[in-house]
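So the structure is just underneath, and the comments pick up after that.
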Amino acid sequence: MRRQLSVVLKMLIVIFVIIGTVIMFRGAADNTGLATSGFYNLKYYTVLSNLLCGIVTLVDMLFLVIKKRRISVLFRLIAVSAVGVTFAVVAFFLQPMYRDMNMYKGGNLWFHLIIPVTAMIEFIFVDEMNWKGKDSFPFKYTFFSAVTSVVYGFGYLINILVNGKGEWPHTNDWYGFLNWGYPVGTVIFVVVVVFNWAVASGIRALTKRVNKRR
C-alpha cells in the first residue's frame, strides 16, 4: 500500500511540475520580479529547482514501476531539498517581508507551495526508505545536497561578470544580491548554501525519525 501511494504521489508531482511550467512559461512578465516571459523563467532558482524535482521524481517513478528498483537516495534528497529551500525562503522570509505581494500567484502557486509540500510529504512520510544502519542514508549526503545552490550561485555570478549587472528591470542581478556590493553578495551566497544544507539535514533527520518508528 505504501509503495502504491508513493507512486501516486510521484505521478502527481510530475503532473504538478508540468502544470506549473506551462502556466509560468505561457504567462507574461509582471512588475513583481517573480515571473518573466517564456524561457527567461529558467533564470530563476525556483523554476530550476522544481524542474529538477520533476525530472528526478519521474525517473525514480519509472525505475520503481518498471525495474522495481530505485535511483540513489542522494539524487532524491538533492531534488527535494532544492524545492524545500524554495518553499522555506518564500514562506518564512519573502512573503512575510513583502505582504503586499502575492508570492503564490499563477505558476508560483505550484512552484512555491504545492510541489515543494507534496514532494517533502512524499519523501519524508510515504517513500519507502530502507534504513540498514547509519550508512544507508549517510550524513555526508546533506553536504552534496547543497550542490544546487552552489552551481546556481556560480552561474548567477558568472553571468553578471560576463554581461554586466545592468539596470532594473533588465538587470542580471534579478535577486538584488549585489545591491550592497560584492562582499555582501558573497555573504548572501554563503548563507543560501548553508541554508540549503540545513534544509537537507532537516529533511534527512525527519525522514530517519519517521521511518525508524515504522
Turns out the helices (runs of 4 or more DSSP H) fully within segment 1-118 with at least 1 residues that are farther than 25 Å from Y141 by Cβ are 2-26
Exactly one condition in (1) in a loop (DSSP other than H, G, I, E, B); (2) more than 27 Å from T57 (Cβ to Cβ); (3) open to solvent by 50 Å² or more (accessible area, probe 1.4 Å) is false for V190; which is it? (1)
Looking at segment 57-69 only, could you name the residues that are without any contact (Cβ under 8 Å) to a residue 40 or more places away in the chain and of a type in the set (D, E, K, R)? K67, K68, R69
Mind listing just one residue for me: the one in segment 160-187 that is open to solvent by less than 80 Å² (accessible area, probe 1.4 Å) and either at pLDDT 90 or above or of a type in the set (V, I, T) (or both) and, of those, nearest to G84 (Cα to Cα)? T186
Out of G54, G84, I need the residue that is farther than 18 Å from V192 by Cα and touching a residue at least 24 places away in the same chain (Cβ under 8 Å). Which one? G54
Identity of the residue in segment 66-76, modelled with pLDDT of 85 or more and open to solvent by 60 Å² or more (accessible area, probe 1.4 Å), that ends up farthest from I19 (Cα to Cα): I66
So K208, is it within 28 Å of R76 (Cα to Cα), loosely packed, with under 12 Cβ neighbours inside 10 Å and out of contact with any strand residue (DSSP E or B) (no Cβ under 8 Å at 6 or more places or on another chain): no
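The values are calculated or read from the model by the stated rules, or taken from the named source; none is laboratory data. Model, not experiment: these values are computed from the prediction. Glycine gets a Cβ as well: all are built from the backbone with ideal geometry, and neighbour counts include every protein chain shown. Accessible surface areas use protein heavy atoms only, side chains included; no ligands, DNA or RNA. Shrake-Rupley method; radii C 1.70, N 1.55, O 1.52, S 1.80 Å.
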